[in-house]
1. Just to be sure before I move on: is Tyr2 among the hydroxyl-bearing types (Ser, Thr, Tyr) and assigned to a loop (DSSP other than H, G, I, E, B) in the structure I sent?
2. Where the second residue is acidic (Asp, Glu) and part of a strand (DSSP E or B) and the first is over 21 Å from Phe9 (Cα atoms) and without any contact (Cβ under 8 Å) to a residue 60 or more places away in the chain and lies in region 26-38, which pairs have Cβ atoms under 9 Å and are six or more apart or on separate chains?
3. Residues that are in contact with a Ser or Thr (Cβ under 7 Å, 6 or more places away or on another chain) and surrounded by 11 or more Cβ atoms within 10 Å (Cβ to Cβ): find the strands (runs of 3 or more DSSP E) completely inside region 11-78 holding 2 or more of those.
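FYI, it's all coordinate maths here, none of it is from the lab. Owing to the predicted nature of the structure, the values given are computational and were not obtained by experimental measurement. Every residue, glycine as well, gets a Cβ built from its backbone with ideal geometry; the counts of neighbours run over all protein chains shown.
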Amino acid sequence: DYDRLTHQFNSVLVDVDGDTGSVRAYVTGSFGHAADPRPERVLIGLYRNKVVRTGEGWRISELTVEPKFRVEQEAPAQ
């Protein structure tokens, strides 16, 4: 139920071996509301993907997310 949501990926590492590969990246998700530019919740996790090359291009065959940090702001007083 958030009006604003962003995802930022960093420290991306790609390893390709023929028609398969792996991708590792840290992702930060920020969640908030239109009335306040400060995020209410920030989640940081480590994505690990397995990928395969198909006739239509590279596709994710497996996705795992390992949570690392969670930051929650107190809800503003009503």
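1. On the way: among the hydroxyl-bearing types (Ser, Thr, Tyr): yes; assigned to a loop (DSSP other than H, G, I, E, B): yes.
Judged against the criteria, Tyr2 is a match.
2. Short answer, once both residue conditions are applied: His33/Glu40.
3. Working: elements: 20-33, 36-54, 57-72.
Answer list for region 11-78: 20-33, 36-54.
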